[in-house]
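Engineer: The structure follows.
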Amino acid sequence: MSRSADEFHTAFPHGRAILQALLVTFLWSTSWVLIKVGLQDIPALTFAGLRYALAFLCLLPLLLRSSRWKAVRGLPRRRWAELVLLGLLFYAVTQGAIFVSLAYMPAVAVSLLWNLTTITVALLGILVLAEPLAVLQWGGVALNLVGVLVYFWPAALPSTQVVGLVVAAVGVLANAASSILGRGVNRRGDLDPLVVTVVSMGVGACALLATGLFAQGLPPLRMMDWAIIGWLAVVNTAFAFTLWNHTLRTLTAVESSIINGTMLVQIPILAWVFLGENLSWQQVMGLVLAGLGTVVVQVRRSQGAGRSGD
């Protein structure tokens, strides 16, 4: 049995990479459920800070390898400033906003709003990176926005969910800005992606944890709470990140984008099974339309990136 598996992995590396990428998206999708469960006992910002601080500690030994550590020590001030800003945007603000918005809104609604990041990045790319959208991409933007409107129509949200909606909007903007900044940092190709990730994660996690402890404190936690924090940090962040980057060596940008888009399907199913978040047919239709729009925009953008890199 083991021999057959080894033969399969050797003969079909592309198929193995697809399965590994799907595993990563599944782990990332379960994070939304685990966060909702953990938020019953753990304050949102403290929860997020603990997760990413522990994930940073797990990845730190990889950074301390001689070649990467020399690169960190030799970073000029401008590069440090970029990585600090990236860490604050992507981890402190974006991830903090995810946890806070999940404290106020259903997981499916937050995941749908987070899908607007792709659209926001595409629009910001016109101004910041001079990357114009193709006609088909504009159609994807329109389709995505129609899907969001269909999902939330009529817009009569409880006051508590309005708070979550505002926080989510801030998080989407921060996530889009960090994507633009991250692409600019990585596009130069002078830094190992792991250096960029670990340094920015360390900065953002420290800021997020300090803010959470100061503003919300750390209540007594059960063993289950620590287990959730540990799983999210070690498996869903450190392990999943490493495995995802491994799959990028084999999969094309288009394939990775499509696989990543399956989370918009996985999260509602997991939220229905484990959180009891039921969806109406109207909401299902909104998710489908938004997902298709995101795939169109992302695939076209990835195809363009692939051509320019050849």
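Engineer: Around Asp192, which amide H atoms from residues at least 5 apart in sequence, or from another chain, sit under 5 Å from its own amide H, with H modelled in the peptide plane?
Structural biologist: none
Engineer: So for the chain, averaging the separation of alpha carbon pairs under 8 Å that are six or more residues apart and normalising by length, what relative contact order in percent results? Mind showing how you got there, number by number?
Structural biologist: Numbers: 380 pairs, mean separation 125.4, N = 310.
Relative contact order of the chain: 40 percent.
Engineer: Could you give each residue of the stretch 222-235 its phi-based ³J(HN,Hα) in whole Hz, using Karplus coefficients 6.51, -1.76, 1.60 with θ = phi - 60°, and x for Gly or Pro?
Structural biologist: Running phi through 6.51 cos²θ - 1.76 cosθ + 1.60 with θ = phi - 60° gives 7, 4, 5, 5, 5, 5, 5, 4, x, 5, 4, 6, 7, 8 Hz.
Engineer: For Val265 and Leu57 in one chain, what is 0.36 nm times their gap in residues minus the Cα-Cα distance, to one decimal in nm? Kindly include the intermediate steps, with their values, before the conclusion.
Structural biologist: On the way: separation 208, 0.36 × 208 = 74.88 nm, distance 3.14 nm.
Difference between extended and current length: 71.7 nm.
Engineer: Label Arg183 and Val170 with points 7 Å out from Cα along Cα→Cβ: what is the distance between them in nm?
Structural biologist: Computed distance between label sites Arg183 and Val170 equals 2.5 nm.
Engineer: For Cα extents along the principal axes in Å, the listed values are (1) 62, 41, 39; (2) 61, 45, 35; (3) 55, 53, 51; which was obtained by calculation from the structure presented?
Structural biologist: Answer by label: (3).
Engineer: Just check the stretch 22-100 against the gyration tensor rule for me: Cα atoms, a ≥ b ≥ c as the square roots of the eigenvalues, rounded for a/c under 1.5, and otherwise prolate or oblate depending on whether a/b exceeds b/c.
Structural biologist: Numbers: a/c = 2.49, a/b = 1.78, b/c = 1.40.
It is prolate, given that a/c is not under 1.5 and a/b is the larger ratio.
Engineer: I'd like the FRET efficiency for Asn245 and Trp281, computed as 1/(1 + (r/R0)^6) with the beta carbon distance as r and R0 of 35 Å, rounded to 0.05. List each step's numbers first, then the result.
Structural biologist: Working: r = 38 Å, r/R0 = 1.09.
About 0.35, to the nearest 0.05.
Engineer: I'd like the Karplus ³J(HN,Hα) series for the stretch 60-73: coefficients 6.51, -1.76, 1.60, θ = phi - 60°, whole numbers in Hz, and an x wherever there's a Gly or Pro.
Structural biologist: For the stretch 60-73, the Karplus-derived couplings read 4, x, 5, 6, 7, 4, 3, 5, 6, 5, 5, 5, 5, 5 Hz, x marking Gly and Pro.
A short reminder: the numbers here are calculations on the coordinates, not readings from a lab. Computed from a predicted structure; not experimentally measured. No Cβ is skipped: glycine too gets one built from the backbone with ideal geometry, and neighbour counts run over all protein chains shown.
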